[in-house]
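Presented below is the structure to which this report refers.
The values are calculated or read from the model by the stated rules, or taken from the named source; none is laboratory data. Everything numeric in this text was worked out from a predicted model, so none of it was measured. Neighbour counts run over all protein chains shown; Cβ positions are idealised from the backbone, glycine included.
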Amino acid sequence: MASRLIDADPTLWLSRSWTTRPKRPGEADDAYVFVDRDQFAAHVDAGGFFEWAEFLGNCYGTPLPSPPEGHDVLLEIEVDGARQVVEKRADACVILLVPPSIEVQTERLRARGDHEDHVQVRVAEGQSEIALARAFATVVVVNDELDTAVAHVAGIIEQHRRA
């Protein structure tokens, strides 16, 4: 979704996260910066992340943003990372994307090739995350139909810019 949003809005800059998880089969090389735990820890120690968290046994982090002048930063992050961002930037607009149902979320995870054990853990964790994030999210968007969700998110970003 983010790349479509970025294409639609040239002033939106998508941060590329780091992760210690292995690359999935068929996943684009530029989906993340794939690193080992030692590299990730060294970057944490150097203060190189805006936010970072461990999620389901892997580390994920957003490098300190350095967007071009006049660009907004879009982060694709999990709930603990979003909470860290809000602590650092009270003006952050937190858009919580939720699946239309547990069944749809389950099928999406299976379709990307996740093992069944991971699917079940991820769905359970997702429900817990949604409950936590609703407490501080600026707005909730149901990611049912991709084009509709993208348009909704783009509209929210535009409204936030005007505020």
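For residues that are without any contact (Cβ under 8 Å) to a residue 40 or more places away in the chain and outside any helix (DSSP H, G or I), scanning just region 142-163, find the one that is nearest to L74 (Cα to Cα). It comes out as A163.
Among the residues making up region 58-114, a single one is aliphatic (A, V, I, L, M), in contact (Cβ under 8 Å) with a residue 40 or more places away in the chain and touching an Asp or Glu at 6+ places or on another chain (Cβ under 6 Å): V79.
Remark: V119 matches the filter, which requires a residue to be over 17 Å from V73 (Cα atoms), touching a Leu at 6+ places or on another chain (Cβ under 6 Å) and either without any contact (Cβ under 8 Å) to a residue 40 or more places away in the chain or surrounded by 14 or more Cβ atoms within 10 Å (Cβ to Cβ) (or both).
For region 85-101, the count of residues that are farther than 24 Å from S15 by Cβ, at pLDDT 90 or above and surrounded by fewer than 16 Cβ atoms within 10 Å (Cβ to Cβ) is nonzero.
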